[in-house]
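The values are calculated or read from the model by the stated rules, or taken from the named source; none is laboratory data. Since this is a predicted model, take the numbers as computed values, not measurements. Because the Cβ atoms are built from the backbone with ideal geometry, glycine has one as well, and the counts that use them run over all protein chains shown. Accessible surface is based on the protein model in full, side chains and every heavy atom, while ligands, DNA and RNA are left aside. Shrake-Rupley method; radii C 1.70, N 1.55, O 1.52, S 1.80 Å.
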Amino acid sequence: MQSTMYIKSIKLTNFKSFMGEHIIHFKPGVNYLVGNNNAGKTTIFDAFSFMISTVKKSDYISKGYESESVSVEICLANVGELKGSLAKYEDYRTSKNELILLKTSKETNIKQGNKKVNMNIKTVRLWNEQTKEDVPAQFENPVGVANVATALFNPQFIYADLHNEDLQDFGTTKITGKLISSLTNDFIESQEFKALKDAHNAAFGKDGVNKYLGSTEEELGNRLSEQFGSSKVHFKFNFPAATDLFKKGTIDIEENGLRTDASNKGNGMQRALALAIIQLVAERTSKRQATLLGMQFLIDEPEIYLHPKAQDKLMDSLRKLTPNNQVFITTHSPYILRHFRNEIDNVDIIKNDLSKKVSTMEQLYFKNPSMSEVTYKAFGVPTQDLHQHLFTTLQLKWIENTDGKHTLNAFDKYLNSYYGVPCDVAFVPRINGEWKQKEFRTLPYVVRNEIDHPEVLEDKMNDLSDENLKESIDCLFNILKCDLLKDNEESA
């Protein structure tokens, strides 16, 4: 059972190529963001970064919307009771066990408690649904700064153009630093760490560095005494925290007996190392902490530099991180997409009008989408599998609601009489091995027969074309969408 808080949705308003308002839904497993280049997939990653970073409106506002506000709203679902360092956010947990975070360039003055609070693009706000006598439900900021976001979710990014410094940074907020920090508790209890601390005290104590600073301490004390009375100055060098000691670390990679700094390796090796690190971090973190807070891994085109079998192995590893950690992937690869699990994974199709540079979300028809539907909606590639899936879906629906003989001829007439699909496509049937007279049928009927019976006459009659395949797929999708809309209206 899913017990970890996860990102349920993100709402973008006038955010880069997503002009106007767009809501993108996620599941607790692997979330696949699919679309052509420059469709806006990586922009969704930017929205997560927007929430946790210091930003300027001009860097994110949609072109032509400069007079309006830009905002990102994130809904965290499956929120349990917030305790410990998170207890300050407990009053913001909604009746649906959700937390809703907002960051926007729109400045707002609100009454929060007994104070008047000004909020701007530097402020991360939380929705408070608990209305009071003189205070309505509103977005508030319980701690005043952006660490509201970083306290509640912790995205880790691996971009296609991974920067060297991402691997070399051992800070506790960076992915490599998190791996090192996961081992810190054991290290600080060790004899080696105690010996290091004793050595530091000896080196920086009165018989160490301070021995060389005595005259300077005395001179500073005398000058201070001249102004404020008798005073003394002492330099003090505290032992650094274990995490601070690790910040100067680097990673070497050894191949064929030669060790090389990871930052000097190619992008393929660096991405492979980064992916290996996030897997270890997630595994170690899940063993050491409560399951309330998971991690979010945002990976841009993981298929780059990987052959199909390596892509399969990577996805096997990434899927093991879920559902206690959430994964977001931008991809073009069918080898990545074929690992989709309908129960906990999600597929979002992002499209872009290149002439207007506007991103939109393309809706999938099937609740359990096939790769053929994803490929068509994302990249416009029609496949015979998708056509047969759509045709059969509509045909079975007709059979369930129609009495009489359920022949293909009867179904063809139904497409024409009920849905108005014209019978204007020439087709020559072949029955018992003999060609019959040319007749005119609906396009879906003809395409279906051309797929099942690919025999072609000398004059190219019955020759299936991509143009006809695409047109028929669009026709079937339109029929199914109209039926779905009608069914929803009747049920409402």
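Over the chain, what percent of the accessible surface lies on carbon and sulfur atoms, probe 1.4 Å?
49
Helix-derived [θ] at 222 nm for the chain: sum -39500 (n - 2.57) over DSSP H runs of at least 4, divide by residue count, nearest 500?
Dividing the helical sum by the residues of the chain leaves -11500 deg cm²/dmol.
Could you tell me how many degrees, from 0 to 90 and to the nearest 10, lie between the Cα long axis of helix 191-204 and the main elongation axis, the longest principal axis, of the Cα atoms of the chain?
Helix 191-204 sits at roughly 50 degrees to that axis.
Go through 466-478, 84-96 and give me the packing order, highest mean Cβ count within 10 Å leading.
Going by the mean number of other Cβ atoms within 10 Å, highest first, we get 466-478, 84-96.
Work out the length of the dipole vector of the range 2-64 about its Cα centre, built from +1 on the beta-carbon of each Lys and Arg and -1 on the beta-carbon of each Asp and Glu, and round it to the nearest 20 debye.
In debye, rounded to 20, the range 2-64 gives about 40.
Give me the 1.4 Å probe accessible area per residue for the chain, excluding ligands and nucleic acids, in Å².
55
Taking the dipole about the Cα centre of the chain, with the C-beta of Lys and Arg at +1 and of Asp and Glu at -1, give me whichever of Phe157, Gly84, Gln138 is farthest to the positive side.
Gly84
Quick one: grab the alpha carbon gyration tensor of the chain, order the square roots of its eigenvalues as a ≥ b ≥ c, and give me rounded if a/c is under 1.5, else prolate or oblate depending on whether a/b is larger than b/c.
prolate
How tilted is helix 466-491 with respect to the longest principal axis of the chain? Cα atoms for both, answer in degrees (0 to 90, nearest 10).
The angle comes out near 80 degrees.
Which Cα, out of Gly266, Val55, Leu480, lies furthest along the positive dipole direction of the chain (beta carbon charges, K/R +1, D/E -1)?
Val55
Students often get this wrong, so check it: of Lys413/Lys438; Lys96/Lys397; Lys248/Lys309, which have C-alpha atoms separated by over 27 Å?
Going by Cα-Cα distance, Lys96/Lys397; Lys248/Lys309 fall outside the 27 Å limit.
Full extension from Lys481 to Asn432: what is 0.36 nm times the residue separation minus their Cα-Cα distance, to one decimal in nm?
Between Lys481 and Asn432, full extension yields an extra 14.0 nm.
Give the angle, between 0 and 90 degrees and rounded to the nearest 10, that separates the Cα long axis of helix 210-228 from the longest principal axis of the Cα atoms of the chain.
80
Just to verify a number: FRET efficiency for Ala241 and Phe379, C-beta to C-beta distance, R0 = 41 Å, to 0.05?
0.25
What FRET efficiency comes out for Ala199 versus Asp59 if R0 is 51 angstrom and r is the Cβ-Cβ distance? Round to the nearest 0.05.
After rounding to 0.05, the efficiency reads 0.60.
Between rounded, prolate and oblate, where does the range 86-149 land on the alpha carbon gyration tensor, with a ≥ b ≥ c its root eigenvalues, rounded for a/c under 1.5, else prolate if a/b exceeds b/c?
Oblate shape, in that a/c is at least 1.5 and b/c is the bigger or equal ratio.
Modelled label-to-label distance, Tyr305 and Glu129, 7 Å Cα→beta-carbon offset: nm?
4.5
With +1 on the Cβ of every Lys and Arg and -1 on the Cβ of every Asp and Glu, and nothing else charged, how large is the dipole of the chain about its Cα centre, in debye rounded to the nearest 20?
Computed charge dipole of the chain: roughly 1480 debye.
Give, rounded to the nearest 20 debye, the magnitude of the charge dipole that the range 33-100 has about its Cα centre when Lys and Arg contribute +1 at Cβ and Asp and Glu contribute -1 at Cβ.
Charge dipole of the range 33-100: 120 debye, to the nearest 20.
Expressed in nm to one decimal, what extension gain is obtained for the pair Asp403 and Glu458 from 0.36 nm per residue of sequence separation less their Cα-Cα distance?
Full extension of this stretch gives 15.9 nm more.
Using a Cα-Cα cut-off of under 30 Å, which lysines could be cross-linked to Lys63, ignoring same-chain neighbours fewer than 8 residues away?
Partners within reach: Lys8, Lys11, Lys16, Lys41, Lys103, Lys106, Lys122, Lys351, Lys356, Lys357, Lys377.
Taking 7 Å along the Cα-to-C-beta vector as the label spot, tell me the Leu273-Asp207 distance in nanometres, rounded to one decimal.
Going from the Leu273 label point to the Asp207 one covers 4.2 nm.
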